[in-house]
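Engineer: Okay, handing you the structure first.
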Amino acid sequence: MSNALAWIRKSKGDDDAIGLQQQRQQVATLAAELADDVTTLDLGIQTGFSSLTRDGDGLLDDHADVDAELSNLRAGEYEYLVAYDDTRICRDGFFEVIRHACEAGDTTIAYVADVETDALAHDIKRRVERDTKEDEIEKSRQAIQERQERGFDHGRPKFGMEYDDAGEYQVPGEDFEKVADILRQRADGASYSAIAAATGVSRSTVHKVVNRRQWYEARAGSKLDTEVVES
């Protein structure tokens, strides 16, 4: 099973900004295309600077989650580090620390946007270059773009869903009854922990299902209503 770390960060604005929402979606999509399991490091609005170039609090290298994920990268926990582009990872020389962690763990850095290495502000190579994986990343990008242009779903199926026979849209799958159960219990006021214990689904998955209620309703509204009523 392959693993990816999705790295999300934006310098300005607020957490609900359209640009940040799009970044979350696009980075998550590419990460899901490349790996079987995705962990997300969502820093939200953060300057992107470290103590190498700035003084004060809230710097990138002071962030406990950043420190933890650097350790995971060095330990080889991830096959890919996925970000929108290099500046969304870091905006100063701390990028070298991150890049070295990727090299130590044999992790490929993959970007949603095109990044020209010869035009970067630092005189470094900001991708871990392995030809076969670069080809895989490019093919995934092209596949995502084509599916988006045609209006199809893309990426790994969400919990409780599967692709239809044509492989175009996500439809209710074998575990969809658990989706309905999670949403019903949450609507009744149950906590995430209580729902996880009752359904046997991880708390993080419960949280994702609840946050995607509208997405599920858009794709399986009638079945969802039926499942909720009958459960």
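Engineer: Working only within region 186-221, note down all residues that are among the hydrophobic types (A, V, I, L, M, F, W, C) and under 16 Å from D153 (Cβ atoms).
Structural biologist: Within region 186-221, the first condition is being among the hydrophobic types (A, V, I, L, M, F, W, C), and the residues that meet it are 187, 190, 194-198, 201, 206, 209-210, 215, 218, 220.
Answer for region 186-221, where residues must be among the hydrophobic types (A, V, I, L, M, F, W, C) and under 16 Å from D153 (Cβ atoms): W215, A218, A220.
Engineer: Quick one: count up the residues across region 64-109 that are assigned to a loop (DSSP other than H, G, I, E, B), in contact with a helix residue (DSSP H, G or I) (Cβ under 6 Å, 6 or more places away or on another chain) and hydroxyl-bearing (S, T, Y).
Structural biologist: Going through region 64-109 one residue at a time, the tally reaches 2.
Per-residue answers, yes or no, for (1) modelled with pLDDT under 90; (2) among the basic types (K, R):
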residue	(1), (2)
R54	yes, yes
G58	yes, no
A64	no, no
A68	no, no
Y78	no, no
A83	no, no
C90	no, no
Y111	no, no
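Engineer: Considering only residues that are surrounded by fewer than 17 Cβ atoms within 10 Å (Cβ to Cβ) and not in a helix (DSSP H, G or I), look in region 116-128 and name the one that is modelled with the highest pLDDT. Step through it out loud before you land on a result.
Structural biologist: Filtering region 116-128 for residues surrounded by fewer than 17 Cβ atoms within 10 Å (Cβ to Cβ) gives 116-125.
Now drop any that are not not in a helix (DSSP H, G or I), which leaves 116, 120-125.
Values: E116: 57, L120: 46, A121: 42, H122: 40, D123: 42, I124: 43, K125: 43.
My answer is E116.
Engineer: Looking at region 156-173, can you tell me whether even one residue there is surrounded by fewer than 17 Cβ atoms within 10 Å (Cβ to Cβ), at pLDDT below 85 and more than 23 Å from T40 (Cα to Cα)?
Structural biologist: No, the conditions are met nowhere in region 156-173.
Engineer: Among the residues of region 35-57 satisfying the criterion of being more than 11 Å from the chain's Cα centre (by Cα) and outside any loop (DSSP other than H, G, I, E, B), which is nearest to T107 (Cα to Cα)? Write out each step before concluding.
Structural biologist: Restricting attention to region 35-57, the residues satisfying the condition of being more than 11 Å from the chain's Cα centre (by Cα) are 36, 43-57.
Imposing the further condition that a residue be outside any loop (DSSP other than H, G, I, E, B) reduces the set to 43-45.
Numbers: L43: 20, G44: 23, I45: 25 Å.
For region 35-57, the residue satisfying everything is L43.
Engineer: Related question: Return the pairs, sorted by first residue and then second, in which the second residue is surrounded by 11 or more Cβ atoms within 10 Å (Cβ to Cβ) and aromatic (F, W, Y), the first residue lies in region 58-75 and is more than 14 Å from I109 (Cβ to Cβ), the beta carbons are less than 8 Å apart, and the residues are 6+ apart or on different chains.
Structural biologist: Listed pairs, sorted by first residue: L59/F49; L60/F49; L60/F94; D61/F94; N72/Y78.
Engineer: Which one of these is in contact with a Cys (Cβ under 9 Å, 6 or more places away or on another chain), of a type in the set (A, V, I, L, M, F, W, C) and either buried (at least 21 other Cβ atoms within 10 Å of the Cβ) or not assigned by TED's automatic domain parsing to the domain that holds A143 (or both): L81, L5?
Structural biologist: Values: L5 fails: in contact with a Cys (Cβ under 9 Å, 6 or more places away or on another chain).
So the residue among L81, L5 that is in contact with a Cys (Cβ under 9 Å, 6 or more places away or on another chain), of a type in the set (A, V, I, L, M, F, W, C) and either buried (at least 21 other Cβ atoms within 10 Å of the Cβ) or not assigned by TED's automatic domain parsing to the domain that holds A143 (or both) is L81.
Engineer: Checking the condition farther than 30 Å from R147 by Cα, surrounded by 15 or more Cβ atoms within 10 Å (Cβ to Cβ) and without any contact (Cβ under 8 Å) to a residue 60 or more places away in the chain, which residue from R184, R203, R212 passes?
Structural biologist: Values: R203 fails: surrounded by 15 or more Cβ atoms within 10 Å (Cβ to Cβ); R212 fails: farther than 30 Å from R147 by Cα.
Sole residue among the options that is farther than 30 Å from R147 by Cα, surrounded by 15 or more Cβ atoms within 10 Å (Cβ to Cβ) and without any contact (Cβ under 8 Å) to a residue 60 or more places away in the chain: R184.
Engineer: What number of residues within region 141-155 satisfy the criterion of being surrounded by 11 or more Cβ atoms within 10 Å (Cβ to Cβ) and at pLDDT 80 or above? Show your work before the answer.
Structural biologist: Taking region 141-155 as the starting set, the residues that turn out to be surrounded by 11 or more Cβ atoms within 10 Å (Cβ to Cβ) are 141, 143-148, 152-155.
Still in the running and at pLDDT 80 or above: 152-153.
Qualifying residue count for the region: 2.
Engineer: Of (1) at negative phi; (2) in a strand (DSSP E or B), L20 satisfies all except one. Which?
Structural biologist: Single failed check for L20: (2).
Engineer: Can I ask one more? Tell me, please, whether a residue that is under 23 Å from H207 (Cβ atoms) and within 11 Å of the chain's Cα centre (by Cα) can be found in region 64-75. Working first, answer last.
Structural biologist: First, the residues of region 64-75 that are under 23 Å from H207 (Cβ atoms): 64-66, 68-69, 72.
Filter again for within 11 Å of the chain's Cα centre (by Cα), leaving none.
Within region 64-75, none of the residues are under 23 Å from H207 (Cβ atoms) and within 11 Å of the chain's Cα centre (by Cα).
The values are calculated or read from the model by the stated rules, or taken from the named source; none is laboratory data. As the structure is a prediction and not an experimental result, all values here were calculated from the model. Using ideal geometry, Cβ is built from the backbone for each residue, glycine included, and neighbour counts are taken over all protein chains shown.
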